[in-house]
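What follows is a set of notes on a single structure, which appears directly below.
What follows draws every value from the coordinates through simple rules; no lab data is involved. Bear in mind the structure is a predicted one, so any value in this text is a computation, not a measurement. With ideal geometry, Cβ positions are generated from the backbone for all residues, glycine too; neighbour counts draw on all protein chains shown.
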Amino acid sequence: MKKMFLALAALATLTFTACEKKSETTTTNTEVPSEIICQYGDTIVAHDIMPGYTDYQVTVDGEEHAFIEGDTVFVACIGNTTMHVEADQKVKKDIALTIVPRLPEEFMFTIPAFDWTRTRNDVLTEVGTPNNRIGPDAELRTTDSVYVYYLDGEKYNQFAYYYFTNDSDNDFNTLSEIVVSIMDEEHGEVLKLFIAERFPFFGKAYSGSIPVWIYYDAPKKSDATTMIRYYRTSAAWNVAFSPKPVQ
């Protein structure tokens, strides 16, 4: 897990920004930050912010926001939370953590809505007319099983695919998956970091020989509605959103 944080933090050679700390003086005249502003992949070491003690116990509210190893916090998903530090079982301090995106605005992507009750007509109403339609049978084209949207105007190297399931009567009417596919290397290389900044990581699997990074839209699978999979193909960087698998 720690290696994954460090690798993603270096992705796309983005400039590292140290945590910003707002400090206050305690009754022991030791300056301890009351708030830390940080980014995905940053590390916060308890003995650095509360020096002079031997043993530290550290917890963070919301397991999606941090991975803790000893007295070190590895910052994860963006948002607001609180870090609790207890030193030598006698001094306690609560520190507000504000976790902001590491990616600059130009690398931001639109996350689709996770409403898996939508029909094809719902998608047409909410997202608009697709740039392309794909039928289940290329010759007959009796209905549409996939809507394709071009995401970046004239470049056409970023796409969103809306897939529909054939539930009954060959209608392909229920939304079953949304895949964002990017063929531009500059933006594609940071797509995994964009997802990791926003969704809890649940492990790595393989689809054939292709590695797949798995995320959910909640820190516990029982609370999640959507599974998110990041994977790279020969021509594109992809993120697939689909309903959480039945356990």
With R₀ set to 35 angstrom, the calculated FRET efficiency between the beta-carbons of Thr225 and Asn131, to the nearest 0.05, is 0.80
Highest mean first, what order results for 111-124, 71-84 on Cβ atoms within 10 Å? 71-84, 111-124
Along Cα→Cβ, 7 Å out, is where each label goes; now give me the distance between the ones at Arg232 and Lys92 in nm to one decimal. 4.6 nm
I need to check one value: relative contact order of the stretch 105-243, counting alpha carbon pairs closer than 8 Å and at least 6 residues apart, in percent. 18 percent
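Provide the FRET efficiency to the nearest 0.05 for the Thr165-Asp61 pair, computing r from the beta carbons and using R0 = 41 Å.
Working from the Cβ atoms, E equals 0.60.
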Looking only at aspartates and glutamates whose Cα falls under 17 Å of Lys92's and that sit 8 or more positions away or on another chain, we get Glu24, Glu31, Glu35, Asp48, Asp55, Asp61, Asp71
Proximal aspartates and glutamates relative to Lys244, as straight alpha-carbon distance under 15 Å, when same-chain residues fewer than 8 apart are discounted: Asp115, Glu177, Asp217, Asp223
What is the spin-label model distance, in nm, from His84 to Glu35 if the labels are put 7 Å beyond Cα along the C-beta direction? 2.2 nm
